[in-house]
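Asker: Take a look at this one; I'll ask things after.
Quick note: the coordinates plus some simple rules give every number you see, no bench work behind them. Bear in mind that the values here come from a model prediction, so they are computed numbers and not experimental data. Neighbour counts run over all protein chains shown; Cβ positions are idealised from the backbone, glycine included.
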Amino acid sequence: MKGSRRVVLDAPGVARLSAAERAVGELAGLARWWQPWPEFARVVLGAWWALGEVEGLGLRVDAAQLLALGPQPHPSRPRRSLRWAVGLVLARRRLEAEPSDRPLTLGLVTRLYHHLDAPHLARGGRRPQPPGPVAGGAAWTLAGRWREAGLPGLWAACLALAAWEREAPEPAPRRHLAGRTLLLGLAPRLGIPAHALDRLGPALAAAAGEEGQPLEDLLSRVRRQGAWRPLFHAFLRAVERSAREVAELARAAAQRHRRHHELVDTWVRAPNNPKRLLDLLLVRPVVDLPLVARRLEVTQRTAGLLVAKLADQGLLREITGQRRGRRWAYLPLLQLLQPGWGESPAPPEEHRNEPEHFHTRSS
């Protein structure tokens, strides 16, 4: 990067960079040894990320409702809150489908920005036709060169985010959300596990508060003054927090999964199929009988018996209240993803105090 030799860090910045890199490295190690990680990360962590970002918009989506849609969600006429969550998941899938040895293109950045809320899923909605390359998109195409010039991956990622925040268009909430989403696509190109950033949105808000200001004020300083250093400190603190939270969730899920395997051994004479169902629930926490039958290669009658056994032990909960098309949620894992899930009626999906610009589609 031109002029990169003149960009230096102070001692606190170096310390925070080292702490963030350690946390990211620990998560990468967990991903290597934990066999269920690939599908768990893709489905469960992907949904958890979307839920956290949607909550940052002042909306709420039931975790089971999103997970029931599977890894490629395409609901029919979803509420606005669920549409945002689905749009985020689809954007992430689009980024994951891109070859990681190629830079993000302006065309991809533009499409992702304008389709972030899945406008085609709205009633009467159509895919908007972007008028041209979105401003600020060049930062995502050039960040790989900064890495090649010797900048640490997390440093290059923060500079890309700062450049985007300074140059990308209004409205601000869409700009912020698109930036964090695009970071997930940039991360593998910088040697960063993308799932280390799964809690970056909530973690950035917390880190900015620790720096003594709301996140919106911190990002406004980047936009008005180009003040990237305060953002850099908050960003590194947030990456460390995010990576540790993701690792903690994965370890907690693995521990509960092991305990439930042990529980099955105590009350089932033939535990093989119930354990296989537990293995499926770890990576697909909301299931129906056709999915269970297909993945376990059993009949739907056998699938129903297996589901009933786990439901009797309080591990599964039926969530539709229907006689047909029933679905069951793996209660312990849902409560990790959304504390308090299933303990009381879900709050309304849409808060009435949302920012007005979330009522319209970008085009």
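Asker: Quick check: net charge around residue 225, other residues with Cβ under 12 Å of its Cβ, Lys/Arg +1 and Asp/Glu -1?
Answerer: Working: positive: 166, 221, 223, 224, 229; negative: 165, 217.
Computed value for this residue: +3.
Asker: Using +1 on the beta carbon of Lys and Arg, -1 on that of Asp and Glu, and nothing else charged, what's the dipole of the stretch 10-250 about the Cα centre, debye to 20?
Answerer: Numbers: 32 positive and 23 negative charges, 168 e Å.
The dipole of the stretch 10-250 has a size of about 800 debye.
Asker: May I pose another question? Determine by what factor the alpha-carbon radius of gyration of the chain differs from 2.2 N^0.38 Å, reporting the quotient. Show your work: numbers first, answer last.
Answerer: Working: Rg = 21.4 Å, N = 363, 2.2 N^0.38 = 20.7 Å.
Relative to the rule-of-thumb radius for its length, the chain sits at 1.04.
Asker: What percentages make up the Cα-Cα pair-distance distribution of the stretch 268-337 when the bins are 10 Å wide from 0?
Answerer: 21, 60, 19, 0
Asker: Just need the relative contact order of the stretch 10-250 here, percent rounded to a whole number, with Cα pairs under 8 Å and 6+ apart.
Answerer: Once normalised by length, the contact order is 24 percent.
Asker: Given only helices, namely DSSP H runs of n ≥ 4 each adding -39500 (n - 2.57), what is the per-residue ellipticity at 222 nm of the chain, to the nearest 500 deg cm²/dmol?
Answerer: Result for the chain: -18500 deg cm²/dmol, rounded to the nearest 500.
Asker: Here is a further query. Summing Lys, Arg as +1 and Asp, Glu as -1, what charge do residues with Cβ under 10 Å from the Cβ of residue 189 carry, residue 189 excluded?
Answerer: Net local charge, residue 189 excluded: 0.
Asker: Ranked by Cβ crowding within 10 angstrom, fewest neighbours first, how are 309, 275 ordered?
Answerer: Fewest-to-most ranking of 309, 275: 275, 309.
Asker: Relative to the longest principal axis of the chain, what angle (0 to 90°, nearest 10) does the C-alpha long axis of helix 11-33 take?
Answerer: Tilt relative to the chain: about 30 degrees.
Asker: Let me ask you something else. For the chain, modelled as a GNM with alpha-carbon contacts under 10 angstrom, which of 165, 245, 148 fluctuates the most?
Answerer: With Cα springs under 10 Å in the chain, the top fluctuation among 165, 245, 148 is at 148.
Asker: Ordered by residue, what ³J(HN,Hα) values in Hz, to whole numbers, does the stretch 98-109 give under the Karplus form 6.51 cos²θ - 1.76 cosθ + 1.60, where θ = phi - 60° and Gly and Pro are x?
Answerer: 6, x, 6, 8, 10, x, 5, 8, 4, x, 5, 4
Asker: How charged is the neighbourhood of residue 144? Take every other residue with its Cβ under 13 Å from the Cβ of residue 144, and add Lys/Arg as +1 and Asp/Glu as -1.
Answerer: Here the charged neighbours net out to +1.
Asker: Could I ask something else about it? Classify the stretch 1-153 as rounded, prolate or oblate from the Cα gyration tensor: take a ≥ b ≥ c as the square roots of its eigenvalues, call it rounded if a/c is under 1.5, otherwise prolate when a/b beats b/c and oblate if not.
Answerer: Because a/c hits 1.5 or more and a/b fails to exceed b/c, the stretch 1-153 counts as oblate.
Asker: What does the highest-first list of 36-49, 90-103 look like by mean Cβ count within 10 Å?
Answerer: The peptides rank, most packed first, as 36-49, 90-103.
Asker: Can you tell which of 209, 132, 52 shows the greatest fluctuation in a Gaussian network model of the chain with Cα springs below 10 Å?
Answerer: 132
Asker: Right, here's the next one. Of 129, 338, 322, which has the largest mean-square fluctuation in a 10 Å C-alpha GNM of the chain?
Answerer: The residue with the greatest mean-square fluctuation here is 322.
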